[in-house]
Amino acid sequence: MKLGVNIDHVATLRQARMGLEPDPVHAAVLCELGGADGITVHLRADRRHIQDRDVELLKQVISTRLNIEMAATSAMVEMAASVQPWQVTLVPEQPNEVTTQGGLDVILNEGHVRQVVSRLSSLNIRVSIFVDPSLEQVRAAHKAGANAIEINTNGYATARTEASQAAALKAVEETARMGAKLGLGVLAGHALNYRNTGPIAAISLIEELNIGHSILARALFVGLKEAVSEMKAIITRR
Ligand code: PXP
C-alpha cells in the first residue's frame, strides 16, 4: 500500500507570517526521503496555505507523484492544465471550513462533475474523486468517468464507540470493494493517525492512503522524515 503525504500544514505555518519558511518544497523532499510514494496539496480558492508557486515547484522538484486536491471549478481546471500533476482529486470546498467537510456529492452534481472529469482526462491527468463511504456515490463517480475514488475515512476515525467504528470500517471496506469491482483505483484518507490507520491499511483493495495532519503533528517532535517513515511502516506492515 502506498502513502501519499499531504503537506498543506507546512504552507499554513509559512503563511502565518506571510514569509518564505518553512517551504513546502523542502518538506516534500524530506517526505520522499522518509518513504512517501506521493505528495498531496490542496490548492484552495482563497490560497490560505498552498500557493500557485508551490504546486509549480513541486511538480518540477519531486521525484514521486503530485496529487492536487481541488474544487471542480474552471479556474482550478486551468491551473491543473498548466501544472500537469499526476493526479487531481476533486473535493467539495467551502470558504470557511477548517478542513474538507466530507465527500463530493457526485450524484447531485453529476453533469458538472462529468464535464470536469472529461476535461482533465483529455489533458491526460488521472482523476480521483473524494467520496463518502457510499456505494451510490462510487457508482456515480464511475459513471462520471473518474479513474479513482478516495474514500473519506473521517467517519471511521472519529467514531466514538467500538460498534460505530466497526460499522464505519465495514462501510469503507464495502465502498472499496465496489470501487475495485468497477475498475476504479481505490484510495482512502482523512483523519487517519498512528493509532487508527492499521485496520484501514489492512483493507487490501485500498492502494494508497493520503495522510496529512497526524504526520505533520508528529514531525514537530521527531522530524518529518522519521514521522513519514513511522507511518509508512504502519501501512506496509499489513
Ligand atoms: N484526503 C482529503 C481529500 C483531504 O481533504 C485531506 C485533508 O486535506 C486528507 C485526505 C488528509 O487528511 P488529514 O490531514 O486529516 O490526514
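The values are calculated or read from the model by the stated rules, or taken from the named source; none is laboratory data. Quick caveat: nothing in here was measured; it's all calculated off a predicted structure. Cβ placement follows ideal geometry from the backbone for every residue including glycine, while neighbour counts extend to all protein chains displayed. All accessible areas refer to the heavy atoms of the entire protein, side chains included, with ligands and DNA or RNA removed. Shrake-Rupley method; radii C 1.70, N 1.55, O 1.52, S 1.80 Å.
Residue under question is Asp23, and the condition is that it be among the acidic types (Asp, Glu) and either within 16 Å of the ligand (Cβ to nearest atom) or farther than 19 Å from Leu224 by Cα (or both); does it hold? Give the steps one after another, and end with the answer.
Values: among the acidic types (Asp, Glu): yes; either within 16 Å of the ligand (Cβ to nearest atom) or farther than 19 Å from Leu224 by Cα (or both): no.
No: the conditions fail for Asp23.
Take the stretch 198-235 and flag every residue that is among the polar types (S, T, N, Q) and under 25 Å from His26 (Cβ atoms).
So the first thing to find is which residues in the stretch 198-235 are among the polar types (S, T, N, Q), and the list is 204, 210, 214, 229.
Correct list: Asn210, Ser214, Ser229.
Considering only the stretch 1-18, state which residues are open to solvent by less than 30 Å² (accessible area, probe 1.4 Å) and in a loop (DSSP other than H, G, I, E, B). If you could, list the steps in order and put the result at the bottom.
Restricting attention to the stretch 1-18, the residues satisfying the condition of being open to solvent by less than 30 Å² (accessible area, probe 1.4 Å) are 3-8, 10-11, 14.
The answer is Ile7, and nothing else.
Which of (1) within 12 Å of the ligand (Cβ to nearest atom); (2) out of contact with any His (no Cβ under 7 Å at 6 or more places or on another chain) is the odd one out, the single condition Val222 does not satisfy?
Every condition holds for Val222 apart from (1).
In the stretch 202-219, how many residues are within 14 Å of the ligand (Cβ to nearest atom) and farther than 30 Å from Asp23 by Cβ? Let's see the steps before the verdict.
Taking the stretch 202-219 and keeping what is within 14 Å of the ligand (Cβ to nearest atom), we get 206, 208-219.
In the following step, the residues that additionally are farther than 30 Å from Asp23 by Cβ were identified as 206.
Counting residues in the stretch 202-219 that are within 14 Å of the ligand (Cβ to nearest atom) and farther than 30 Å from Asp23 by Cβ gives 1.
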